[in-house]
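Student: Before we start, here is the structure in question, set down as structure tokens.
The values are calculated or read from the model by the stated rules, or taken from the named source; none is laboratory data. If you're wondering where the values come from, they're calculated on a predicted model, not measured in any experiment. Glycine also receives a Cβ, built like all others from the backbone with ideal geometry; neighbour counts cover every protein chain displayed.
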């Protein structure tokens, strides 16, 4: 029997991470478990805010991370699952409908497909120059009444469906794909980075109660908002941990290198006023969480998120970031904890996106062609159905 292996690829502004995961089947019991067999890490060059500005540099960096992962996993990486992030990531919403086709008024898969199609058509004007990564049903209604659960097999005259569409700029996606393909990796499928991270960093209870997962990257903040187990929003803001470094450098009139060491706590604060440093960092963090707060208000979900905000990414360790988040959003706040065994090759939660992609890849059969596995991979999103 062939080995079932999937590779996740996370191309960030500062780092590229590759994670290789294998599914192990225990012969006596038939139980399945996942094992990380290889990782690769390389400095990322040629990107700005998640956009590729120099494809050749990006491809070279991907090759370095790929070769590291191949060496540690003792396999050749030919295919992978890719995270799509950066400030081109956005969302739109639309409502579709279907008149129930059967004479007995029972809702079938055809009716559900038609409702989804009309929702996509309604949102289509916003898709100019954009590629739809995910179409996620948020809510179904039968004859104007909200459905608690999945409407297949229920009865009614008119079915309505509210959809969330997660999109990215087509040009950005095409350039990203070409950079990876030039590193001799065929991309099987793609997932928005915030969703991939949530696959690893959030548990089912947090998603059901309602929460925000915020990834603080170098130049962007990406969030996914969950409510009743469904991702109701995916958003990226053009601000990140490098802006904290810039503020420190300007405020103290020092080099960016010194400012970075102060930010991550590697330079003694005795040389500079501790209160001034804290004020500079706190001010920028407050601006970051003000962006998230404004977005939550626009969704009408600022208050009822009992599981609060979970903070991940390379910027999660800046100062007292949890306290600032708690004060700004008036929500419970904590740092993300990786649900990965400590004996693996992964060291912290910053690997969550690449690892989540590999786990997602193993929900389908990665040994066959992309066209054939689309329906299998779609099973991952079935869990989002209300």
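Student: Here is a list of conditions, (1) surrounded by fewer than 18 Cβ atoms within 10 Å (Cβ to Cβ); (2) in contact with a helix residue (DSSP H, G or I) (Cβ under 6 Å, 6 or more places away or on another chain); (3) farther than 30 Å from residue 335 by Cα, and residue 161 meets all of them except one; can you say which number that is?
Tutor: Every condition holds for residue 161 apart from (1).
Student: Of the conditions (1) touching a strand residue (DSSP E or B) at 6+ places or on another chain (Cβ under 6 Å); (2) under 20 Å from residue 358 (Cα atoms); (3) assigned to a helix (DSSP H, G or I), residue 63 clears all except one; give me its number.
Tutor: (1)
Student: Hey, another quick one. State the number of residues belonging to segment 1-29 that are in a loop (DSSP other than H, G, I, E, B), in contact with a strand residue (DSSP E or B) (Cβ under 9 Å, 6 or more places away or on another chain) and free of Cβ contacts under 8 Å to residues at least 12 places away in the same chain. Reasoning before the result, please.
Tutor: Restricting attention to segment 1-29, the residues satisfying the condition of being in a loop (DSSP other than H, G, I, E, B) are 1-3, 12-14, 26-29.
Imposing the further condition that a residue be in contact with a strand residue (DSSP E or B) (Cβ under 9 Å, 6 or more places away or on another chain) reduces the set to 1, 3, 12-14, 26.
Then drop every residue that is not free of Cβ contacts under 8 Å to residues at least 12 places away in the same chain, which leaves 1, 26.
Of the residues in segment 1-29, 2 are in a loop (DSSP other than H, G, I, E, B), in contact with a strand residue (DSSP E or B) (Cβ under 9 Å, 6 or more places away or on another chain) and free of Cβ contacts under 8 Å to residues at least 12 places away in the same chain.
Student: Test residue 98 against the stated conditions and say whether it is closer than 23 Å to residue 188 by Cβ and part of a strand (DSSP E or B). It would help to see each step written out before you state the result.
Tutor: Values: closer than 23 Å to residue 188 by Cβ: no; part of a strand (DSSP E or B): yes.
No, not satisfied.
Student: Can you list the helices (runs of 4 or more DSSP H) lying wholly within segment 210-323 that have 2 or more residues being within 30 Å of residue 164 (Cα to Cα) and within 26 Å of the chain's Cα centre (by Cα)?
Tutor: Numbers: elements: 241-252, 256-263, 274-299.
Here the list reads 274-299.
Student: Can residue 209 be described as surrounded by 18 or more Cβ atoms within 10 Å (Cβ to Cβ), in contact (Cβ under 8 Å) with a residue 24 or more places away in the chain and not assigned by TED's automatic domain parsing to the domain that holds residue 51? Give the derivation first.
Tutor: On the way: surrounded by 18 or more Cβ atoms within 10 Å (Cβ to Cβ): no; in contact (Cβ under 8 Å) with a residue 24 or more places away in the chain: yes; not assigned by TED's automatic domain parsing to the domain that holds residue 51: yes.
No.
Student: Could I ask something else about it? Is segment 128-135 home to any residue that is over 22 Å from residue 298 (Cβ atoms) and outside any loop (DSSP other than H, G, I, E, B)? Before you say what the answer is, go through the steps one by one.
Tutor: Step one: of segment 128-135, the residues over 22 Å from residue 298 (Cβ atoms) are 128-129, 131.
Narrowing further to those that are outside any loop (DSSP other than H, G, I, E, B): 131.
Scanning segment 128-135, I find at least one residue that is over 22 Å from residue 298 (Cβ atoms) and outside any loop (DSSP other than H, G, I, E, B), so the answer is yes.
Student: Now for a different question. So which of 95, 118, 108 ends up being over 26 Å from residue 18 (Cα atoms), in the same structural domain as residue 159 (by TED's automatic domain parsing) and either crowded, with 20+ Cβ neighbours inside 10 Å or in contact with a helix residue (DSSP H, G or I) (Cβ under 7 Å, 6 or more places away or on another chain) (or both)?
Tutor: Within the list 95, 118, 108, the selection yields 95.
Student: Mind checking whether some residue in segment 189-206 is in a loop (DSSP other than H, G, I, E, B), over 25 Å from residue 363 (Cβ atoms) and at pLDDT below 95?
Tutor: At the first step, the residues of segment 189-206 found to be in a loop (DSSP other than H, G, I, E, B) are 202-203.
Adding the requirement that they be over 25 Å from residue 363 (Cβ atoms) leaves none.
Looking through segment 189-206, none of the residues is in a loop (DSSP other than H, G, I, E, B), over 25 Å from residue 363 (Cβ atoms) and at pLDDT below 95.
Student: Hey, among 251, 317, 300, which residue is in contact with a helix residue (DSSP H, G or I) (Cβ under 8 Å, 6 or more places away or on another chain) and outside the structural domain of residue 95 (by TED's automatic domain parsing)? If you could, list the steps in order and put the result at the bottom.
Tutor: Numbers: 317 fails: in contact with a helix residue (DSSP H, G or I) (Cβ under 8 Å, 6 or more places away or on another chain); 300 fails: in contact with a helix residue (DSSP H, G or I) (Cβ under 8 Å, 6 or more places away or on another chain).
Exactly one residue qualifies, and that residue is 251.
Student: Looking at 8, 38, 46, 80 in this structure, which one is in the same structural domain as residue 181 (by TED's automatic domain parsing) and closer than 16 Å to residue 172 by Cα?
Tutor: Numbers: 8 fails: closer than 16 Å to residue 172 by Cα; 38 fails: closer than 16 Å to residue 172 by Cα; 80 fails: closer than 16 Å to residue 172 by Cα.
It is 46.
Student: When residue 58 is evaluated against the numbered criteria (1) in contact (Cβ under 8 Å) with a residue 40 or more places away in the chain; (2) assigned to a helix (DSSP H, G or I); (3) out of contact with any helix residue (DSSP H, G or I) (no Cβ under 8 Å at 6 or more places or on another chain), which criterion, by number, is the only one it fails?
Tutor: Evaluating residue 58 over (1) in contact (Cβ under 8 Å) with a residue 40 or more places away in the chain; (2) assigned to a helix (DSSP H, G or I); (3) out of contact with any helix residue (DSSP H, G or I) (no Cβ under 8 Å at 6 or more places or on another chain) leaves (3) as the failure.
Student: Can you say whether residue 181 is in the same structural domain as residue 14 (by TED's automatic domain parsing), surrounded by fewer than 22 Cβ atoms within 10 Å (Cβ to Cβ) and either in contact (Cβ under 8 Å) with a residue 40 or more places away in the chain or within 12 Å of the chain's Cα centre (by Cα) (or both), as far as the supplied structure shows? It would help to see each step written out before you state the result.
Tutor: Values: in the same structural domain as residue 14 (by TED's automatic domain parsing): yes; surrounded by fewer than 22 Cβ atoms within 10 Å (Cβ to Cβ): yes; either in contact (Cβ under 8 Å) with a residue 40 or more places away in the chain or within 12 Å of the chain's Cα centre (by Cα) (or both): no.
No.
Student: Next question. So is residue 146 free of Cβ contacts under 8 Å to residues at least 24 places away in the same chain, surrounded by fewer than 19 Cβ atoms within 10 Å (Cβ to Cβ) and in contact with a strand residue (DSSP E or B) (Cβ under 8 Å, 6 or more places away or on another chain) or not?
Tutor: On the way: free of Cβ contacts under 8 Å to residues at least 24 places away in the same chain: yes; surrounded by fewer than 19 Cβ atoms within 10 Å (Cβ to Cβ): yes; in contact with a strand residue (DSSP E or B) (Cβ under 8 Å, 6 or more places away or on another chain): yes.
When the stated conditions are applied, residue 146 passes them.
Student: For the condition surrounded by 23 or more Cβ atoms within 10 Å (Cβ to Cβ) and outside the structural domain of residue 14 (by TED's automatic domain parsing), what is the one hit in 232, 244? Steps first, please.
Tutor: On the way: 232 fails: surrounded by 23 or more Cβ atoms within 10 Å (Cβ to Cβ).
Being surrounded by 23 or more Cβ atoms within 10 Å (Cβ to Cβ) and outside the structural domain of residue 14 (by TED's automatic domain parsing) holds for just one of 232, 244, which is 244.
Student: A further question follows. Within segment 315-332, how many residues turn out to be within 24 Å of residue 262 (Cα to Cα), touching a strand residue (DSSP E or B) at 6+ places or on another chain (Cβ under 7 Å) and surrounded by fewer than 23 Cβ atoms within 10 Å (Cβ to Cβ)?
Tutor: Filtering segment 315-332 for residues within 24 Å of residue 262 (Cα to Cα) gives 315-328.
Subsequent filtering for residues that are touching a strand residue (DSSP E or B) at 6+ places or on another chain (Cβ under 7 Å) retains 315-316, 321-322, 325-326.
Now restrict to residues that are surrounded by fewer than 23 Cβ atoms within 10 Å (Cβ to Cβ): 316, 322, 326.
Residues flagged as within 24 Å of residue 262 (Cα to Cα), touching a strand residue (DSSP E or B) at 6+ places or on another chain (Cβ under 7 Å) and surrounded by fewer than 23 Cβ atoms within 10 Å (Cβ to Cβ) within segment 315-332 amount to 3.
Student: Okay, next question. If residue 338 passes every condition in (1) over 28 Å from residue 44 (Cα atoms); (2) touching a helix residue (DSSP H, G or I) at 6+ places or on another chain (Cβ under 7 Å); (3) surrounded by fewer than 22 Cβ atoms within 10 Å (Cβ to Cβ); (4) modelled with pLDDT of 65 or more but one, which one does it miss?
Tutor: (1)
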